[in-house]
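See below for the structure under consideration.
The values are calculated or read from the model by the stated rules, or taken from the named source; none is laboratory data. Note that the structure is a prediction, hence the values are computed from the model and not measured. When we count neighbours, we look across all protein chains shown, and the Cβ atoms used for this are built from the backbone with ideal geometry, even at glycine.
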Amino acid sequence: MIHPATQSKPWYREPWPWFLVSLPATAVVAGLTTAWIAFKTADGLVVGDYYKEGLAINQTLERDDAARALGLIATLKSVDGTLMLTLAGHLKTYPGQLVLTLAHPTHQGMDHTLTLNAAGGGRYLAALPAMPNGKWHAQLVDTASTWRLAGVLHSPFTQAATLSFEPIVQ
């Protein structure tokens, strides 16, 4: 007669084979999940025509130099769903409109281009679009593109952000 303590159970009733099988099974599930995510999401480039953008870098640097010469600085804040921008510097006259581009760092399809209208005294207003939380690259230009200010914003806009001719990386 076999003692019950020495009687062996079938392999599928033992915990160790299941533990050892679970390790490669987890890797298979993770690999399939990664493949599904890669298939379902687009591989969007931040800039579609990177070569052309690279050639235009000298124009961008000239616009940064123009903003530096004018001593321009802009402060952005959100007030009740409205984006308020205050522009300061050595301008003789303030432009009637400014163009603000909010670019998502990884998804070009999420970018927003806003036209800000003058509200007097160097202040500009625009409706704030619905944007997912996270980091956004901002670029502000006048309608003639003679100068450029840049910076980094974090959505939701709970704190004021500053745009300058030398972007502050956060």
Exercise. Pairs, please: C-beta under 9 Å, at least 6 apart or cross-chain, first residue surrounded by fewer than 16 Cβ atoms within 10 Å (Cβ to Cβ) and in the stretch 136-159, second basic (Lys, Arg)?
Worked result: SER145/ARG63; THR146/ARG63; HIS154/LYS135; GLN159/LYS77
Exercise. So which residues in the stretch 125-135 are within 15 Å of MET110 (Cβ to Cβ) and either among the hydrophobic types (A, V, I, L, M, F, W, C) or free of Cβ contacts under 8 Å to residues at least 12 places away in the same chain (or both)?
Worked result: LEU128, ALA130, MET131
Exercise. For the stretch 97-122, what are the residues that are part of a loop (DSSP other than H, G, I, E, B) and either touching a residue at least 24 places away in the same chain (Cβ under 8 Å) or surrounded by 11 or more Cβ atoms within 10 Å (Cβ to Cβ) (or both)?
Worked result: HIS104, PRO105, THR106, HIS107, ASP111, GLY122
For this session: For ALA69, state whether it is hydrophobic (A, V, I, L, M, F, W, C), under 25 Å from ALA42 (Cα atoms), free of Cβ contacts under 8 Å to residues at least 12 places away in the same chain and surrounded by fewer than 13 Cβ atoms within 10 Å (Cβ to Cβ).
Result: no
For this session: Give the residues of the stretch 123-133 that are surrounded by 12 or more Cβ atoms within 10 Å (Cβ to Cβ) and in a strand (DSSP E or B), sorted by residue number.
Result: ARG123, TYR124, LEU125, ALA126
Exercise. Among the residues of the stretch 64-81, how many are closer than 21 Å to ALA126 by Cβ and not small (Gly, Ala, Ser)?
Worked result: 7
Problem set entry | Every pair of residues 6+ apart whose Cβ atoms lie under 6 Å, when the first sits in the stretch 26-55 and is modelled with pLDDT under 65 while the second is in a loop (DSSP other than H, G, I, E, B) and not small (Gly, Ala, Ser) | GLY44/HIS107
